[in-house]
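Note sheet for the following structure.
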Amino acid sequence: MSAPAPRPWWSRILPSRPPPLDAHHWDVLGLVLVAEIASQYAASLLVMSLPQIQTSLAIPEAHVGTIGGSVRIGMIATVFVTALADRYGRRRMLLAFTAAECVATALTGLVRTEAELVAVQTVLRVFLGAEFMLGAVVIAEEFAASARGFGIGALSMLGAVGYALGIGLYAALDGLAAGWRYLHLAGALPLLALPALARRLGETQRFAAQAAGGAPREPLAAALVRPLRALVASGRGRVAALAVFSLAFEFVSWPALLLVSKHLQHAHGYTPGGVSLVVFAGGLVGVGGNVAAGQLSDRFGRRPLAVAMLAGMAIGTAILYRGEAAWAPVGWALGSFSMTGCNVILTALSSELFPTSSRSTAAGFRMSVASLGGALGFYAEAALFSGSHGAAVVALLPSLAIAALAVWMLPESAGRELEEVAPDA
């Protein structure tokens, strides 16, 4: 690695001192961050404006959980989308995924029915998941072993600027019945930044080296199947443990996240502006979990930090959904901090445990299984709902113990070069 470079201005909001990074690493992080901010903005909108969308489209209360489940079940296709990056390259697909998510976000602002909402949001979530996972792959392939956790955590934390923007605009448009539509239409604006991103973002060195090996060009169908076969061949135990970890974690996290605004407004009488304040303030604490988990897991290991974050998530979620109104912000802050931290570790593991030839496919596989877990969580929440979303969400928490057992079955990847953890055949 070259000599450490000065920190760019946008990195100053990080709450801790980063490891030594050269100019190339900061440039890569900054460019991938542009796509992640757009992604996080889009991700915030359904969470924050669900009550208004429900009213505008006349969606029955009993359908709220199943809508989330239907959107998530469609995201199982993410693995096939990210597999394209193992054929066409990280750079090209990252640009394509970002463009697709911007278009889908804007189209959400034009939906007229519940069915249209589910269809467009499903497409959007496929590309949101693919963009984030591919961004993490770029960081994993370009950063040194000692800084990979930091890079992925910093990407998640700084990307939360987009989430904060969505929260702030939601509060500003509180009085407009069609405000949620304007918020989604604004999601097309990041398309204006794509030409500059395309000029500056290069291919990762690891993928470029593999592509330079002269492997024959495969038909598309074969190229999509090959990474899946390579993924399984790299270790069935790893694939199975990662799948269980992802599924059990998302079984709780997605219902808990999507229903925050609805729970605060309906169970505790918060206004939309009050919800924005709580979510934003707790989220400031929560996003710290990204960098904390990244750097601490670089030092102490991915597995111990994952177990600690899962425990914090269980406690925070229980306080948020079953505690008194005064304790709801505390529960949200703790749950958010732990949830985001656990997500960083899960993202790092899925980017580190598999070879370059199937690394993007592995990232997509993780997101696809996570989507299945989230969908099952939504359907379970809907089945358990009997007048209280809070009680239904808390009933899902034992799943986190299964996630803790699964992560301990994975090999430790912190501080090891990718070729040592998962050599290419």
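Observations on the structure shown:
- Restricted to region 146-178, and to residues there that are surrounded by fewer than 18 Cβ atoms within 10 Å (Cβ to Cβ) and small (Gly, Ala, Ser), the residue that is modelled with the highest pLDDT is 146.
- Selection within region 270-291 - assigned to a helix (DSSP H, G or I) and among the polar types (S, T, N, Q): 276, 290
- Single condition residue 12 does not satisfy, out of (1) in contact (Cβ under 8 Å) with a residue 60 or more places away in the chain; (2) exposed (fewer than 15 other Cβ atoms within 10 Å of the Cβ); (3) assigned to a helix (DSSP H, G or I): (1)
- Out of 217, 226, 181, 200, sole residue that is at pLDDT 85 or above and surrounded by fewer than 19 Cβ atoms within 10 Å (Cβ to Cβ): 200
- Selection within region 80-114 - closer than 19 Å to residue 365 by Cβ, open to solvent by 10 Å² or more (accessible area, probe 1.4 Å) and outside any helix (DSSP H, G or I): 84
- Considering region 12-31, the residues that are of a type in the set (Gly, Ala, Ser) and within 24 Å of the chain's Cα centre (by Cα) include one that is modelled with the lowest pLDDT, namely 16.
- Set 341, 335, 373, 364: member being farther than 28 Å from residue 94 by Cβ and open to solvent by less than 20 Å² (accessible area, probe 1.4 Å): 335
- If the condition is being under 21 Å from residue 150 (Cα atoms), part of a loop (DSSP other than H, G, I, E, B) and open to solvent by 10 Å² or more (accessible area, probe 1.4 Å), then region 409-425 contributes 411, 412, 414, 415, 416, 417.
- For region 256-269, a residue qualifies if it is at pLDDT below 80 and either within 13 Å of residue 50 (Cα to Cα) or in a loop (DSSP other than H, G, I, E, B) (or both), and the qualifying residues are 258, 261, 262, 266, 269.
- Residue tally, condition open to solvent by 60 Å² or more (accessible area, probe 1.4 Å) and assigned to a helix (DSSP H, G or I), over region 377-400: 3
- Residues (open to solvent by 40 Å² or more (accessible area, probe 1.4 Å) and not aliphatic (A, V, I, L, M)) located in region 184-197: 190, 195
- Cross-chain or 6+ apart pairs with Cβ under 7 Å, region 83-109 first and at positive phi, then open to solvent by less than 40 Å² (accessible area, probe 1.4 Å) and in a helix (DSSP H, G or I): 89/207
- Condition check for residue 127 on (1) out of contact with any Phe, Trp or Tyr (no Cβ under 6 Å at 6 or more places or on another chain); (2) open to solvent by 10 Å² or more (accessible area, probe 1.4 Å); (3) in contact (Cβ under 8 Å) with a residue 24 or more places away in the chain: one failure, at (1).
- Test set (1) touching a His at 6+ places or on another chain (Cβ under 7 Å); (2) surrounded by fewer than 24 Cβ atoms within 10 Å (Cβ to Cβ) - residue 405 fails condition number: (1)
The values are calculated or read from the model by the stated rules, or taken from the named source; none is laboratory data. The model shown is predicted, which means the values in this text are computed figures rather than measured ones. Cβ coordinates were reconstructed from backbone atoms using ideal geometry, including for glycine residues, and neighbour counts include every protein chain displayed. For accessibility, only protein heavy atoms count, side chains too; no ligands or nucleic acids. Shrake-Rupley method; radii C 1.70, N 1.55, O 1.52, S 1.80 Å.
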